[in-house]
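This report refers to the structure that appears directly beneath it.
The values are calculated or read from the model by the stated rules, or taken from the named source; none is laboratory data. Just so it is clear, the structure is predicted and the values come from calculations on it, not from any experiment. Glycine gets a Cβ as well: all are built from the backbone with ideal geometry, and neighbour counts include every protein chain shown.
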Amino acid sequence: MGSWAQAVIFPQKKQPGVAKITQKSNSYQLANKVLKASFINTGGKLYFNGCSELGLQPSTELFKVLLGDGKTITASEMKLEDVKMVTLAENPSAATASLRYAGKALEARFTYEELSIVWRAVLRNGSHYLRTEMDIQAAKDLPMKGIVAMNYLVAKNSAYTAPEVVGNTRGAILASNHIFAGLETPMGLNSCKDEGNATHIEGLWRRNTTLKAGKTWNISSVVGLVAPKQLRRSFLAYSERERAVAWRPYPVYISWYELNIDRNNAQAPSYKGNMTVEQCADVVSHWKTHFYDKYQMAPKA
């Protein structure tokens, strides 16, 4: 599956295909035509159980919480309240492109004393990447140092380079010639560590502040496939789907340049005779005649 998945240049939504979720006993799988991510509920604890297409090894913690008192709480140390499979509806009018596609998610709710976390793994139709989301709340004010919202072991493979930090600022992503990964925030601290047969990749959302009672913190992460020699295009395909508003052309006519700056006919300082009502009306008339009337359309901005 892995080599076939890389044979077509991203972004071609038909290649990843439709997202599916299945359950077999205590195991769950989110899958499409290019990746299969597994999770396992064992002993009342939910773990990531690997994704061979992304080179991710099994048995890793879903997340870690760094409390203000210095204590670190892993997902397996929290109480797993419930796990459910979710169907995500499409929203054709959504500003975020990915929300226009249906999908599947595995959702779990965790509690630890006054802390409550809803975690989900998300795969939407046409995605060549897997996202995770966390909604974090507290019953009372809770000092927090941070959240490790991404935690994977990437198996070493002679065919692929090891992931590394690309950039030198907060928010810099992790990437190899096979995958890209990171927190979906410019304040994320994404890091890599060599652990022998694998590379540990981690995304820390450093907070050093108090989670106020009744407030919700949201943090998400991604790990995605890179087509051969197409790192930039593969990441851009993901970015365009997930950014707050999808990119689009924004045509602008700035009459100031035409009717004033480029028409220094009048004497300073008044520049009388430039940018007059008559000149502006003439421009509008030309746009109407030579664009709107001729092509029966207007710019969408």
Checklist entry - Any residue in segment 205-227 that is charged (D, E, K, R), assigned by TED's automatic domain parsing to the domain that holds Ala139 and assigned to a strand (DSSP E or B)? => result yes
Next on the checklist: Quick test for you: out of Lys71, Lys24, Lys20, pick the one residue that is out of contact with any Cys (no Cβ under 9 Å at 6 or more places or on another chain), under 26 Å from Tyr112 (Cβ atoms) and among the basic types (Lys, Arg).
Outcome noted: Lys71
Item to check | Candidate set from segment 211-246 (those that are surrounded by fewer than 14 Cβ atoms within 10 Å (Cβ to Cβ) and modelled with pLDDT of 95 or more); member that is nearest to Ala139 (Cα to Cα) | outcome: Ala213
Next on the checklist: Restricting to segment 166-179, name every residue that is in a strand (DSSP E or B) and more than 19 Å from Asn197 (Cα to Cα).
Outcome noted: Val166, Ile173
Checklist entry - Taking only pairs six or more apart or across chains, which ones have beta-carbon atoms under 7 Å, a first residue in segment 209-224 that is in contact (Cβ under 8 Å) with a residue 60 or more places away in the chain, and a second residue that is surrounded by fewer than 17 Cβ atoms within 10 Å (Cβ to Cβ) and not hydroxyl-bearing (Ser, Thr, Tyr)? => result Thr210/Asp141; Thr210/Pro143; Lys212/Asp141; Ala213/Ala139; Ala213/Lys140; Ala213/Asp141; Thr216/Asp135; Asn218/Asp135
Next on the checklist: at negative phi and within 17 Å of the chain's Cα centre (by Cα): which single residue out of Ala138, Ala89, Ala75, Ala102 fits that description?
Outcome noted: Ala102
Item to check | Checklist (1) over 26 Å from Gln29 (Cα atoms); (2) crowded, with 18+ Cβ neighbours inside 10 Å applied to Ala95, failing item | outcome: (2)
Checklist entry - Of all residues in segment 98-117, which are surrounded by fewer than 17 Cβ atoms within 10 Å (Cβ to Cβ) and not hydroxyl-bearing (Ser, Thr, Tyr)? => result Ala102, Glu107, Glu113, Glu114
Checklist entry - From Ser59, Ser27, which residue is modelled with pLDDT under 95 and surrounded by fewer than 17 Cβ atoms within 10 Å (Cβ to Cβ)? => result Ser59
Checklist entry - Only one residue in Gly68, Gly50, Gly2 is at positive phi and either over 21 Å from the mean Cα position of the chain (by Cα) or at pLDDT 95 or above (or both), so which one is that? => result Gly50
Checklist entry - When both residues are 6+ apart or on different chains and their Cβ atoms are under 7 Å apart, which pairs have a first residue that lies in segment 150-177 and is in contact (Cβ under 8 Å) with a residue 24 or more places away in the chain, and a second that is part of a strand (DSSP E or B) and among the basic types (Lys, Arg)? => result Asn151/Lys64
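For segment 61-82, how many residues are in contact (Cβ under 8 Å) with a residue 40 or more places away in the chain and out of contact with any Leu (no Cβ under 6 Å at 6 or more places or on another chain)? Write out each step before concluding.
First pass over segment 61-82, keeping only residues in contact (Cβ under 8 Å) with a residue 40 or more places away in the chain: 61-70, 73, 75.
Narrowing the set further to residues that are out of contact with any Leu (no Cβ under 6 Å at 6 or more places or on another chain) leaves 61-70, 73.
Residues meeting the conditions: 11.
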Checklist entry - Is it the case that segment 68-81 has a residue that's buried (at least 20 other Cβ atoms within 10 Å of the Cβ) and not acidic (Asp, Glu)? => result yes
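Within segment 153-179, restricting attention to residues that are hydroxyl-bearing (Ser, Thr, Tyr) and surrounded by 15 or more Cβ atoms within 10 Å (Cβ to Cβ), which residue is nearest to Glu61 (Cα to Cα)?
We begin by selecting, within segment 153-179, every residue hydroxyl-bearing (Ser, Thr, Tyr); these are 158, 160-161, 169, 176.
Those left that are additionally surrounded by 15 or more Cβ atoms within 10 Å (Cβ to Cβ): 160, 176.
Values: Tyr160: 24, Ser176: 22 Å.
Going through the qualifying residues, I end up with Ser176.
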